[in-house]
Amino acid sequence: MTNSKLITRLLAAAALSTAALGAAPAFAVPQAEAAMAGATKASSDSTDAAITAQIKSALGEKIGVSTKEGVVVLSGTVANTEVGTKVIQAASAVPGVKEVKSELTVASK
């Protein structure tokens with residue numbers, strides 16, 4: 001094989017390899033991003049469940065607790081505002097809690 005044919009084939013192979021490598025990130029990046037988003041959502045869901053469980057165990061069953069993406073929503077009735085404040089503080093102290101929203105009501109006497 002002559003040198004010019006060998007060089008031509010090597011250049012063609014290099015061009016194909018470069019084109020294939022150049023196309024891979026355009027395809028691989030969205031897949032990787034989608035996989036990471038799925039992993040983040042799964043992680044967020046399990047973290048939310050753990051946060052909810054920890055708060056429920058600390059507060060008891062009279063207070064409703066829901067968590068989404070680290071934001072806790074408390075619902076139910078408390079005896080007075082002092083108890084409500086303590087409930088909110090206890091929920092805020094749980095690791096992973098980003099924000100606490102209160103839908104608590106004070107029991108009428």
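The values are calculated or read from the model by the stated rules, or taken from the named source; none is laboratory data. All of these numbers come straight from a predicted model, not from anything done at the bench. We place every Cβ from the backbone using ideal geometry, glycine too, and count neighbours over all the protein chains shown. Remember, those area values only see protein heavy atoms, side chains included, never the ligands or the DNA or RNA. Shrake-Rupley method; radii C 1.70, N 1.55, O 1.52, S 1.80 Å.
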Which members of the range 61-74 meet the condition of being open to solvent by 30 Å² or more (accessible area, probe 1.4 Å) and either touching a Pro at 6+ places or on another chain (Cβ under 9 Å) or on the phi > 0 side of the Ramachandran plot (or both)?
GLU69
When you check GLU82 against the structure, is it modelled with pLDDT of 90 or more, within 12 Å of the chain's Cα centre (by Cα) and either closer than 26 Å to ALA107 by Cα or open to solvent by 40 Å² or more (accessible area, probe 1.4 Å) (or both), yes or no?
no
Considering only residues of the range 64-101 that are in a helix (DSSP H, G or I) and of a type in the set (Ser, Thr, Tyr), which is farthest from THR52 (Cα to Cα)?
THR81
I'm trying to understand the selection: among the residues of the range 50-67, which are in contact with a helix residue (DSSP H, G or I) (Cβ under 7 Å, 6 or more places away or on another chain) and over 15 Å from LYS98 (Cα atoms)?
ALA58, LEU59, ILE63
